[in-house]
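The values are calculated or read from the model by the stated rules, or taken from the named source; none is laboratory data. Since this is a predicted model, take the numbers as computed values, not measurements. Cβ placement follows ideal geometry from the backbone for every residue including glycine, while neighbour counts extend to all protein chains displayed.
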């Protein structure tokens, strides 16, 4: 391996001559020390590689302000003393609280820019992350031929060391395994080295009967670097697990932005039956595009009272609450058609306090345009003049009110501000309906709806619908029309195998899809392939600070109860990875929607340059536009300044305190007092 980008030793010696303290520069003899102002912003030097991109994504997704310089940009600013620091109101100011570099010195041997960074970091106590480098003495490690390792890391079991647990990675339980999703493709490469003087290993792995480091803190020449010696991208589990700690380490636990691990699961169509997949027709009888006759709609899938009892028991055993998204009118129709009694409804109503409940409209009609189903695919019905015919405002409002009234009569603990329409209808549906039903916003206002669910696969971003906001939901690949593992696998095979292999070929026509080499065995394909794959996808969302809920259907809690293996996998894996101080955040739709709304306002304020935040000693000041809450993360023991006295700041999560916060009455800024 060529020894690339070695640190300029002369620059390091020069930098070491500057007194290193905890963010306090030297004062001349006899003069009062003026603590510097350190702005809460990160400098990112980008080489275009996936590792820097991953760290940048973590900063962006958690709301941490950063300034990015592209190394390849000939017109970028030159990094020098004036770029890094200045004086504000007679006080020295460090413009960046941390520095992210592609490696320990991406500028080249003897670089004046690296010398300027080294001097800056030393003077102001600023930390540096080396996003991806190799094991060698210039980063505090022995070469890999001295008890280390260089190569593919797929499937490697890494561990957080005692120092890592006592520091920035204390939210992790201990061990984690590098992704190994394919035996055909190397997914991660890296270098494991033995520490030298000044290097403290934070994450390591076994090598030849011993252990060698892959993430560590290297203190030298008055500076401190976080050295990462494996490559990664923003989606890989190993990075997602370490990302929070990287940012906390870099910012010394004080930064704008916050991060949580969210997981919510909506169960749609509760009380209603769902149609069943037909493995002979390769479609679902009753659907517009299925070749069966209207009379031959096939059997349906519906939970029983025993399924409801199991759901309540499962929740209690796993400490997790499901959101029951209900269609009361469809349930009443089913009861009328089946002897006038409904043991399922009776059981769910008896257990009503054990769940969260969300209005799914009374009978689950399509609430967009009036559909013409005489053609496949369906189209919107038009008037003689060519105008689209829409479901009326009164009909939409009636569906919402009737469902609310039924719930009130049964004592269901609903929130009338939340709504999930059938098939997310009423919202635009491409290609047939490119705009929202113009009557939808008015109906939402009439019924007090503030949070309406949308499909994240169609619209990943939140948007306004009149006075309401959408809450994008992730569809889980546990299909609404399947109640058994064999049915689920059969439909999965149809969608994800080529025509030559007996499938539909849809995967061949969709550039976003990938065909399987051969169909799964319906006897065990669900448990061996689909469950772990879907659990990995859901966990990726959880680890990505993503508040969007997931959704499935009541059919998945019926018959073979095929949803539970996926949820069990997600929850068990999560518990094995995280310490007790980092629980899953399981919230209802309105809270998740509010989180997305606050993030959008914060991101806009940052983009508009309207946020000022800095630290002077143990005091943090944050100023944002009126009405915009600021996300802030700080150490345990942090207090928020009020007009009279202080109060504990934020809530505990992952070893820190964090919250969306704003100034109290008669205050123009948020002021936090850090522990000494």
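Taking region 510-524 as the range and being surrounded by fewer than 13 Cβ atoms within 10 Å (Cβ to Cβ) and more than 29 Å from the chain's Cα centre (by Cα) as the test, the residues that pass are 517, 518, 523, 524.
Scanning region 231-245 for residues that are surrounded by fewer than 23 Cβ atoms within 10 Å (Cβ to Cβ) and more than 16 Å from the chain's Cα centre (by Cα) yields a single hit, 231.
Scanning region 573-616 for residues that are farther than 24 Å from residue 322 by Cβ and part of a loop (DSSP other than H, G, I, E, B) yields a count of 6.
Tell me yes or no: at least one residue of region 299-308 is outside any loop (DSSP other than H, G, I, E, B), touching a residue at least 24 places away in the same chain (Cβ under 8 Å), assigned by TED's automatic domain parsing to the domain that holds residue 125 and over 27 Å from residue 588 (Cα atoms). Spell out the reasoning first.
Just the residues of region 299-308 that are outside any loop (DSSP other than H, G, I, E, B), to begin with: 300-301, 305-308.
Okay, now just the ones that are also touching a residue at least 24 places away in the same chain (Cβ under 8 Å), so 300-301, 305, 307-308.
Keeping just the survivors that are assigned by TED's automatic domain parsing to the domain that holds residue 125 gives none.
Taking every residue of region 299-308 in turn, none turns out to be outside any loop (DSSP other than H, G, I, E, B), touching a residue at least 24 places away in the same chain (Cβ under 8 Å), assigned by TED's automatic domain parsing to the domain that holds residue 125 and over 27 Å from residue 588 (Cα atoms).
The combined condition, being at negative phi and either assigned by TED's automatic domain parsing to the domain that holds residue 56 or modelled with pLDDT under 95 (or both), is not fulfilled by residue 555.
Residues that are surrounded by 13 or more Cβ atoms within 10 Å (Cβ to Cβ) and either without any contact (Cβ under 8 Å) to a residue 60 or more places away in the chain or out of contact with any helix residue (DSSP H, G or I) (no Cβ under 8 Å at 6 or more places or on another chain) (or both) within region 656-666 comprise 657, 658, 659, 661, 662, 663, 664, listed in sequence order.
The residue list 545, 568, 586 contains one member that is within 22 Å of residue 354 (Cα to Cα) and surrounded by 16 or more Cβ atoms within 10 Å (Cβ to Cβ), which is 586. Taking the conditions (1) more than 26 Å from residue 559 (Cβ to Cβ); (2) under 35 Å from the mean Cα position of the chain (by Cα); (3) at pLDDT 95 or above in turn, residue 377 satisfies each one other than (3).
Quick one: how many residues across region 314-331 are in a helix (DSSP H, G or I), free of Cβ contacts under 8 Å to residues at least 60 places away in the same chain and surrounded by 12 or more Cβ atoms within 10 Å (Cβ to Cβ)? Working first, answer last.
Of region 314-331, the ones in a helix (DSSP H, G or I) are 314-318, 328-331.
When the remaining residues are screened for being free of Cβ contacts under 8 Å to residues at least 60 places away in the same chain, the result is 315-317.
Add one more test, that the residue is surrounded by 12 or more Cβ atoms within 10 Å (Cβ to Cβ), and what stays is 315.
Final tally of qualifying residues: 1.
Filter region 625-651 for residues that are surrounded by 12 or more Cβ atoms within 10 Å (Cβ to Cβ) and in a strand (DSSP E or B) and give the result.
Going through region 625-651, the residues surrounded by 12 or more Cβ atoms within 10 Å (Cβ to Cβ) turn out to be 625, 628-642, 646, 648-650.
Those that are surrounded by 12 or more Cβ atoms within 10 Å (Cβ to Cβ) and in a strand (DSSP E or B): 630, 631, 632, 633, 634, 635, 639, 640, 641, 646, 648.
Restricting region 273-293 to residues that are within 24 Å of residue 331 (Cα to Cα) and touching a residue at least 24 places away in the same chain (Cβ under 8 Å), the residue that is surrounded by the fewest Cβ atoms within 10 Å (Cβ to Cβ) is 288.
Screening 458, 463, 401 for residues that are free of Cβ contacts under 8 Å to residues at least 60 places away in the same chain, surrounded by fewer than 22 Cβ atoms within 10 Å (Cβ to Cβ) and more than 31 Å from the chain's Cα centre (by Cα) leaves exactly one candidate, 401. Filtering region 404-414 to residues that are touching a residue at least 24 places away in the same chain (Cβ under 8 Å) and in a helix (DSSP H, G or I) leaves 404, 406, 407, 410.
For region 171-212, the tally of residues that are touching a residue at least 24 places away in the same chain (Cβ under 8 Å), part of a loop (DSSP other than H, G, I, E, B) and within 21 Å of residue 235 (Cα to Cα) stands at 9.
With respect to residue 538, is the statement that it is touching a strand residue (DSSP E or B) at 6+ places or on another chain (Cβ under 9 Å), within 17 Å of residue 320 (Cα to Cα), not in a loop (DSSP other than H, G, I, E, B) and not assigned by TED's automatic domain parsing to the domain that holds residue 628 true? Quick ask: steps written out before the conclusion?
Numbers: touching a strand residue (DSSP E or B) at 6+ places or on another chain (Cβ under 9 Å): yes; within 17 Å of residue 320 (Cα to Cα): yes; not in a loop (DSSP other than H, G, I, E, B): yes; not assigned by TED's automatic domain parsing to the domain that holds residue 628: yes.
Yes: the conditions hold for residue 538.
Take region 424-463 and flag every residue that is assigned to a strand (DSSP E or B) and out of contact with any strand residue (DSSP E or B) (no Cβ under 8 Å at 6 or more places or on another chain). Scanning region 424-463 gives 425, 429. Annotation note: of 52, 78, the sole residue that is surrounded by 20 or more Cβ atoms within 10 Å (Cβ to Cβ) and either in a loop (DSSP other than H, G, I, E, B) or touching a strand residue (DSSP E or B) at 6+ places or on another chain (Cβ under 9 Å) (or both) is 52. Taking the criterion of being in a loop (DSSP other than H, G, I, E, B) and either buried (at least 21 other Cβ atoms within 10 Å of the Cβ) or in contact with a helix residue (DSSP H, G or I) (Cβ under 6 Å, 6 or more places away or on another chain) (or both), the residues of region 55-75 that qualify are 63, 64, 65. Scanning region 142-170 for residues that are assigned to a loop (DSSP other than H, G, I, E, B) and either surrounded by 18 or more Cβ atoms within 10 Å (Cβ to Cβ) or in the same structural domain as residue 532 (by TED's automatic domain parsing) (or both) gives 142, 144, 148, 153, 156, 161, 167, 168, 169. Restricting attention to region 467-485, does a residue exist that is in the same structural domain as residue 396 (by TED's automatic domain parsing) and in a helix (DSSP H, G or I)? Checked region 467-485: at least one residue is in the same structural domain as residue 396 (by TED's automatic domain parsing) and in a helix (DSSP H, G or I). Of the residues making up region 425-451, those that are on the phi > 0 side of the Ramachandran plot and touching a residue at least 40 places away in the same chain (Cβ under 8 Å) number 1.
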